[in-house]
Amino acid sequence: MITGRPIGEDDLQAYVDQALEPARRDEVKAYLDRHPDIAARVAGYAAQRDALRDALKPIAEEPVPPELSLARLIEARERRRFRPGSRAVAAAVLCLALGGVSGWSARSLTLPPETGIIALGEEAAASYAVYAPDRKRPVEIDAGGRDELIRWVSNRLQHPVSVPDLATAGYRFMGGRLVATAHGPAGLFLYDDDKGIRIAVLVRPMAVEKEATMSELNYGSVAGYAWANDGIGYSLVSEAPAQMLHPLADEVRRQISGKI
Amino acid sequence: MVKTESIAMNDMMLLIEPQIPALRRYARALLRDTAAADDLVQDCLERAIGRWHQRRSDGDARTWLFTILHNLAASRLRQRTRRGLHMSLEDAESALPARPASQEDALRHRDLLRGLAALPEDQRSVLLLVAVEELSYAETAAVLDVPIGTVMSRLSRGRHKLMQLMDSPAPAGAESTSGQTHLRRIK
């Protein structure tokens, strides 16, 4: 099909870049066959294009340096969001300061909203901060009332929960309680070891992020992991470096996936 | 389905990660400084992660990433000009790929990249995005925020100018590897 449209400089460029419709490409080709001088220029451009790609290709073939690892950058960002003094915390403080007066507009400052396991991890850290240091009454129902605790939490969460066993890792089950979160009730289980180091496991149903791989959390002195499995979110936190808690979180995850 | 953090993370790994080598190539070809280019890519990736939720879901991730990177590169280049910083040719060349197929290729590539560096920045960007990164004209126009017609005229002028540079004798002091024979060799 011949359109009869004159050949323009744009057509020549697009010919080099192989960006023409087949019909137009044939027309340009026929034109170049009749004009060897222009054909030579176009061939030069095509060679230039190939040479540029050859010359720069090795850069794209280099191994990507660790500073540009996407997983690492995402993780670093998550950690920054949790750190006290971060934008989210500053906004939360501002929320409290403004109170009911303009709570709604202040809320929008916390963008992006903390949802899913991010929120779950924050709730676990907040509960840990309140209950773990309590020497007198850290738990509402102690280890002896394990069955009663399981019934209570399962009823309120409307989901059967089990208490992970960390005895093999050296952590005794102390007991637990129901705690309030911005996303409804959650079960809090506490453990301690011979040195008095306490660990908290928080469990609640997830409205969003019903399945999430384990993420590391870091809030300064409190660290841990959060993940979600079959609509239930879990977070394990303590006053220990996250890496030390990793085997414990793995153990909890292993027990839960085996039981539910 | 609610867009959750983990889905967003999976999307990012799927759509951003494969583009990292190309982003590095574009940044280095523009800045001719390996460390500065990688800093720029890191900045670009951090912004992309932070703004992932604001991205238009119908938009192409690659175009979006190149837009962020190009804007960062452009402001970096403007800073450089303002401060009167000028890279020495040696610095610039140490940033270029060092593993050519042959000695002849090495000289040819060095000449070509010198020529590329001598182009005005707006022509160099278009040539890199179209010829090397294989963005469409429309995508290139979106990255540079200019009409397609402007992309076409910069492309045409850039190719013509680069051809002339390769065709003319090398500047005094530089080893003469350019010239007519060289041009014939390209073909």
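Once a ≥ b ≥ c are taken as the square roots of the eigenvalues of the Cα gyration tensor of the range A:1-41, is the result rounded (a/c under 1.5), prolate (a/b larger than b/c) or oblate (a/b not larger than b/c)? Since a/c reaches 1.5 but b/c is at least a/b, the shape of the range A:1-41 is classed as oblate.
List the aspartates and glutamates whose Cα lies under 13 Å from the Cα of B:Lys161, skipping any in the same chain that are fewer than 8 positions away. Candidates past the 8-residue exclusion: B:Glu121, B:Asp122. Among A:Leu236, A:Leu245, a tally of other beta-carbon atoms within 10 Å of each Cβ gives an order, fewest to most, of A:Leu245, A:Leu236.
Legend: ranking of residues A:Glu122, B:Glu134 from fewest to most surrounding C-beta atoms inside 10 Å; resulting order B:Glu134, A:Glu122. Rounded, prolate or oblate: which one fits the range A:125-241, using the alpha carbon gyration tensor with axes a ≥ b ≥ c (rounded when a/c is under 1.5, else prolate when a/b beats b/c, else oblate)? Verdict is oblate for the range A:125-241. Computed 3J(HN,Hα) for the range B:19-30, one whole-Hz value per residue from the Karplus formula 6.51 cos²θ - 1.76 cosθ + 1.60 where θ = phi - 60°, is 8, 4, x, 5, 5, 5, 4, 5, 4, 6, 5, 7, glycine and proline marked x. For A:Lys210, a cut-off of 14 angstrom between C-alpha atoms picks up these aspartates and glutamates, skipping any fewer than 8 places away in its own chain: A:Asp230, B:Glu5.
Readers should treat all values here as calculations from the given coordinates under stated rules, not as data from a laboratory. No experiment lies behind these values; they were computed from the predicted model shown. Note that we place each Cβ from the backbone using ideal geometry, even for glycine, and neighbour counts take in every protein chain shown.
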